[in-house]
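The values are calculated or read from the model by the stated rules, or taken from the named source; none is laboratory data. Note that the coordinates shown come from a computational prediction; the quantities given were computed from them, not determined experimentally. Don't worry about glycine lacking a Cβ; one is built from the backbone with ideal geometry, like all the others, and counts go over all protein chains shown.
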Amino acid sequence: MILVLFLCLIIILIMLIVILLLLSTIRVKVKDFELSNKKHIEPNYEIIISLILLNKLKWISIRLNNAKMRKMYTKMHLERIDIKELEKNIKPSDIREIINIKPKLTHLNLKLKLGIEDVILTSYIVPIFCTFICIVLPHVTEKKNIGNIKYKIEPVYNQNMYHIKLGTIIEIKMINVLNSVYKIYKSKKEKTKAKNKIRVNKITDKISSLQS
């Protein structure tokens, strides 16, 4: 009887966690990120990853900064990513599913100084960059958050330079993430089955030809 009650409690707990996840939103907040190729900047950024229930209640939160990221890198002994292997594993259908996650930008404070030694090239690149941002923003920002979006891009002439200051908040619905992950997993599983079936058929054909 005790074992049955224990199993019931575990099942209820798992169901509760699943429901909480489905009703949650992942919020990624980046604070005080700064990067430049002209001067040394001591990293002082902070990344806060939270799960928000019904866009109101924060029930899980993880804070990362430069020191923690370095510790994680050291402990995990991360190796360089094999680009060719990555290209083999990632298919166009996977990219489409990742896009379908539909991240939303709820806050943006971007200051960017950008320059190239060629003055004419700089005068073209900066407007192109601004145009790109203007095109992308309506697709990732809801109308209610337009007032939270601020960015300033300044051209710097006669030198190769970039200086970025960034603060942003991105939100992704957990149900969209789980749905995309499931579809990618299902697609890869079906492809693996198809490949295995082809291999089995080839082996069967070879055996049949030898027997005949």
**Asked** Got a sec? Which of Gly147, Gly167 is at pLDDT below 90 and not charged (D, E, K, R)?
**Response** Gly147
**Prompt:** Does region 7-61 hold any residues that are closer than 24 Å to Lys113 by Cβ, among the charged types (D, E, K, R) and assigned to a strand (DSSP E or B), and which are they?
**Reply:** Lys29, Lys31, Asp32, Glu34, Glu46
**Asked** Do any residues in region 156-167 that are polar (S, T, N, Q) have Cβ atoms under 7 Å from those of residues that are in a loop (DSSP other than H, G, I, E, B), where the two are at least six apart or on different chains, and which pairs are they?
**Response** Asn158/Glu117; Gln159/Glu117; Asn160/Ile116; Asn160/Glu117
**Message:** I'm trying to understand the selection: among the residues of region 108-128, which are farther than 15 Å from Ile170 by Cα, surrounded by 15 or more Cβ atoms within 10 Å (Cβ to Cβ) and either hydrophobic (A, V, I, L, M, F, W, C) or in contact with a helix residue (DSSP H, G or I) (Cβ under 6 Å, 6 or more places away or on another chain) (or both)?
**Reply:** Leu112, Leu114, Gly115, Ile116, Ile125, Val126
**Item:** Residue under evaluation Asp32, criteria (1) at positive phi; (2) modelled with pLDDT under 85, criterion not met
**Value:** (2)
**Item:** Whichever residue in region 27-41 is of a type in the set (Val, Ile, Thr) and within 18 Å of Tyr162 (Cβ to Cβ) and, among such residues, is farthest from the chain's Cα centre (by Cα)
**Value:** Ile41
**Prompt:** Within the set of pairs 6 or more residues apart or between chains, which connect a residue that is within 30 Å of Arg96 (Cβ to Cβ) inside region 183-212 to a residue that is in a helix (DSSP H, G or I) and at pLDDT 70 or above with Cβ atoms less than 7 Å apart?
**Reply:** Lys183/Glu97; Ile184/Glu97
**Asked** Given the residues Leu23, Leu16, Leu54, which is the only one that is surrounded by fewer than 10 Cβ atoms within 10 Å (Cβ to Cβ) and either in contact with a helix residue (DSSP H, G or I) (Cβ under 8 Å, 6 or more places away or on another chain) or at pLDDT 80 or above (or both)?
**Response** Leu54
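So in region 57-98, with the set limited to residues that are among the polar types (S, T, N, Q) and more than 30 Å from Ser187 (Cα to Cα), which one is modelled with the lowest pLDDT? Even if it seems obvious, please write down each step before you answer.
Here is the first cut: in region 57-98, the residues among the polar types (S, T, N, Q) are 61, 65-66, 74, 89, 93.
From what's left, more than 30 Å from Ser187 (Cα to Cα): 61, 65-66, 74.
Working: Ser61: 89, Asn65: 85, Asn66: 82, Thr74: 68.
For region 57-98, the residue satisfying everything is Thr74.
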**Request:** Inspect region 154-161 for any residue being touching a His at 6+ places or on another chain (Cβ under 7 Å) and either closer than 21 Å to Leu51 by Cβ or part of a strand (DSSP E or B) (or both) and give the result as yes or no.
**Result:** no
**Subset of region 123-150 (residues that are of a type in the set (Val, Ile, Thr) and assigned to a helix (DSSP H, G or I))** = Ile125, Val126, Ile128, Thr131, Ile133, Ile135, Val136, Val140, Ile146
**Message:** Is it the case, given these coordinates, that Asn44 is under 30 Å from Tyr162 (Cβ atoms), surrounded by 10 or more Cβ atoms within 10 Å (Cβ to Cβ) and touching a Phe, Trp or Tyr at 6+ places or on another chain (Cβ under 7 Å)?
**Reply:** no
